[in-house]
Amino acid sequence: ACGKMGDRGGFRGGFGGDRGGRGGRGGRGRGDRGGRGGRRGRRGGDGDKEEWVPVTKLGRLVKADKIKSLEHIYLFSMPIKEYEIVDYFLGPPGANKLKDEVMKVQPVQKQTRAGQRTRFKAFVLVGDFDGHVGLGVKVGKEVANAIRGAILAAKIAVVPVRRGYWGKKIGAPHTVPNKIHGKCGSVHIRLVPAPRGTGLVGAPTSKKILQYAGVADCFTSTRGATATLGNFARATFYSLRALYGYLTPDLWKETRFTKQPFQEFTDDLSAKQTIKSRGVADKYS
């Protein structure tokens, strides 16, 4: 059995290398071109840090300080289309609450006439360890580009995570408020509230996601091919996302509806603001 495993490991190792030897060389040739573009892109990125020019109405309201928190956006189920909005509230990466981690980078291949064309699929997790978590997936010709894209995708996908208690409501919420199930592909995951001090009982993948979401104690139970990391991570993410979908008895108080931000701040949006737009050519050159 050990030999067989070794063989399989060897084959897996050759996934992007030996078997796609020709594809690999082609990939490097292409990579060089992409690399130059990447450097240019990075220079553009530094420019972004100085001044973010929002392109959506929501972005404009955030920039004008009309919206005070991410929760204000989630309250109206508004789609976030600019990752800068999340950065704005949770701070820029590195010096702030929002941390990102590459869960996995895997090669994916397309069979072509000349052999295989290998691209890289990156799974990235972002979270602030305090009730916000996002999962992003991106495929790119180069690992660096795939990871960069996945980080942005993860930020755009950041969702609020509801936390609760296992028993007496003492101190800060530390676990999931109720049992919850998530599914992706064949992977099913069930999160069960746990008493304080239990820690996260689960596989490394789900543990990491729960940790980034700010859940301190939780029991997990899974079924299916959890070795498929992409589906396992997604299932965990989907279950956390569904927590705020439950209308538990403590939320039965009458809802006081407020105006939508677009309606409330309509004057700010309709004012003829001249927004210095970076031309399309400028952005992608």
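Worth pointing out:
- When restricted to residues that are open to solvent by less than 60 Å² (accessible area, probe 1.4 Å) and basic (Lys, Arg), region 167-179 contains 0.
- Scanning region 185-200 for residues that are open to solvent by 60 Å² or more (accessible area, probe 1.4 Å) and without any contact (Cβ under 8 Å) to a residue 40 or more places away in the chain yields Arg196, Gly197.
- Residues in region 212-231 that are assigned to a strand (DSSP E or B) and touching a Pro at 6+ places or on another chain (Cβ under 9 Å) were compared, and the one that is surrounded by the fewest Cβ atoms within 10 Å (Cβ to Cβ) is Phe219.
- Some residue of region 232-253 being aliphatic (A, V, I, L, M), outside any loop (DSSP other than H, G, I, E, B), open to solvent by 40 Å² or more (accessible area, probe 1.4 Å) and at pLDDT below 95: yes
- Odd one out for Phe232, checked against (1) within 23 Å of the chain's Cα centre (by Cα); (2) under 30 Å from Asp65 (Cβ atoms); (3) among the aromatic types (Phe, Trp, Tyr): (2)
- Picking from residues in region 67-115 that are under 29 Å from Thr266 (Cβ atoms) and among the polar types (S, T, N, Q), the one that is most open to solvent (accessible area, probe 1.4 Å) is Ser77.
- Counting only residues that are open to solvent by 80 Å² or more (accessible area, probe 1.4 Å), closer than 17 Å to Ile156 by Cα and not in a loop (DSSP other than H, G, I, E, B), region 50-62 holds 1 of them.
- When Gly164, Gly149, Gly182 are checked against the criterion of being open to solvent by less than 60 Å² (accessible area, probe 1.4 Å), touching a Phe, Trp or Tyr at 6+ places or on another chain (Cβ under 7 Å), under 29 Å from Phe89 (Cα atoms) and at pLDDT 95 or above, a single residue qualifies: Gly182.
The values are calculated or read from the model by the stated rules, or taken from the named source; none is laboratory data. Small disclaimer: the values here were computed from a predicted structure and weren't measured. Ideal geometry is used to build each Cβ from the backbone, glycine not excepted, and the neighbour counts take in all protein chains shown. What goes into the accessible areas is simple: the full protein's heavy atoms, side chains included, and nothing from ligands, DNA or RNA. Shrake-Rupley method; radii C 1.70, N 1.55, O 1.52, S 1.80 Å.
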